[in-house]
1. Consider the range 81-94. How many of its residues are surrounded by fewer than 18 Cβ atoms within 10 Å (Cβ to Cβ) and either polar (S, T, N, Q) or in contact with a helix residue (DSSP H, G or I) (Cβ under 9 Å, 6 or more places away or on another chain) (or both)?
2. Among the residues of the range 102-132, which ones are in a strand (DSSP E or B), in contact with a strand residue (DSSP E or B) (Cβ under 6 Å, 6 or more places away or on another chain), touching a residue at least 12 places away in the same chain (Cβ under 8 Å) and of a type outside the set (A, V, I, L, M)?
3. Return a yes/no flag: does the range 139-158 have any residue that is under 13 Å from the mean Cα position of the chain (by Cα), in a helix (DSSP H, G or I) and without any contact (Cβ under 8 Å) to a residue 12 or more places away in the chain.
4. Does the range 125-134 contain at least one residue that is touching a helix residue (DSSP H, G or I) at 6+ places or on another chain (Cβ under 6 Å), of a type in the set (Val, Ile, Thr), surrounded by 19 or more Cβ atoms within 10 Å (Cβ to Cβ) and more than 20 Å from residue 21 (Cβ to Cβ)?
5. Does the range 143-164 contain any residue that is within 23 Å of residue 33 (Cβ to Cβ) and of a type in the set (Val, Ile, Thr)?
6. Look at residue 69 and say whether it is within 14 Å of the chain's Cα centre (by Cα) and farther than 29 Å from residue 151 by Cβ.
7. Please work out which residue is surrounded by the most Cβ atoms within 10 Å (Cβ to Cβ), limiting yourself to the range 9-29 and to residues that are assigned to a helix (DSSP H, G or I) and either without any contact (Cβ under 8 Å) to a residue 12 or more places away in the chain or polar (S, T, N, Q) (or both).
8. Please indicate, with yes or no, whether at least one residue in the range 1-8 is surrounded by 13 or more Cβ atoms within 10 Å (Cβ to Cβ), in a strand (DSSP E or B) and modelled with pLDDT of 95 or more.
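The values are calculated or read from the model by the stated rules, or taken from the named source; none is laboratory data. No experiment lies behind these values; they were computed from the predicted model shown. Heads up, the Cβs are rebuilt from the backbone with ideal geometry, glycines too, and the neighbour counts pull from every protein chain shown.
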Amino acid sequence: MALRKIVLQGEECLRKKCRVVTDFNARLHTLLDDMRDTLLDSGGVGLAAPQVGVLRRVCVVMNEDEEIIELVNPEIIAAEGEQTGLEGCLSVPGKYGVVTRPDFVRVRAQDRHGKFFTVEDEGLTARCFCHEIEHLDGHLFVEHTDHLMEGEELEEYIRRMEEEDA
């Protein structure tokens, strides 16, 4: 297992549609293990294969119980509700935007051995499912916001949101 370099916005691989995984072999298992390690090292909550330069339909998502969910060839099969909040990306470090996503998402995917399963969640994990699966089609969250925040502006936005919630 190894840490992989996370590619940054502007790299061509982030704009390409990923290929379906058909071989559930040791190379896939190594990719998944490396992506897990890279995600844990990064402090993020999701990572898609194109973010480490691999154009395959693979992503890993950490749910709110801090469990890593491996998704191979994932597709969203149900989505309900709406949530609007801050979103960031390991490939766009330090910048955040306000993005609206479904509040509940059900995903059908395969595991590292090719077995199909479904997983569903809400809140942050639902947001993460949508975000990571979009990476597999060559899209970034910045397409959903007209303004990116960082530094003092971001801190001020977070402070205002915390005051509204209090």
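1. 6
2. Of everything in the range 102-132, those that are in a strand (DSSP E or B), in contact with a strand residue (DSSP E or B) (Cβ under 6 Å, 6 or more places away or on another chain), touching a residue at least 12 places away in the same chain (Cβ under 8 Å) and of a type outside the set (A, V, I, L, M) turn out to be 104, 106, 108, 110, 118, 120, 122.
3. Within the range 139-158, not a single residue is under 13 Å from the mean Cα position of the chain (by Cα), in a helix (DSSP H, G or I) and without any contact (Cβ under 8 Å) to a residue 12 or more places away in the chain.
4. Scanning the range 125-134, I find no residue that is touching a helix residue (DSSP H, G or I) at 6+ places or on another chain (Cβ under 6 Å), of a type in the set (Val, Ile, Thr), surrounded by 19 or more Cβ atoms within 10 Å (Cβ to Cβ) and more than 20 Å from residue 21 (Cβ to Cβ), so the answer is no.
5. Of all residues in the range 143-164, those within 23 Å of residue 33 (Cβ to Cβ) come to none.
No, the range 143-164 contains no residue that is within 23 Å of residue 33 (Cβ to Cβ) and of a type in the set (Val, Ile, Thr).
6. yes
7. Checked the range 9-29; the qualifying residue surrounded by the most Cβ atoms within 10 Å (Cβ to Cβ) is 27.
8. No, the range 1-8 contains no residue that is surrounded by 13 or more Cβ atoms within 10 Å (Cβ to Cβ), in a strand (DSSP E or B) and modelled with pLDDT of 95 or more.
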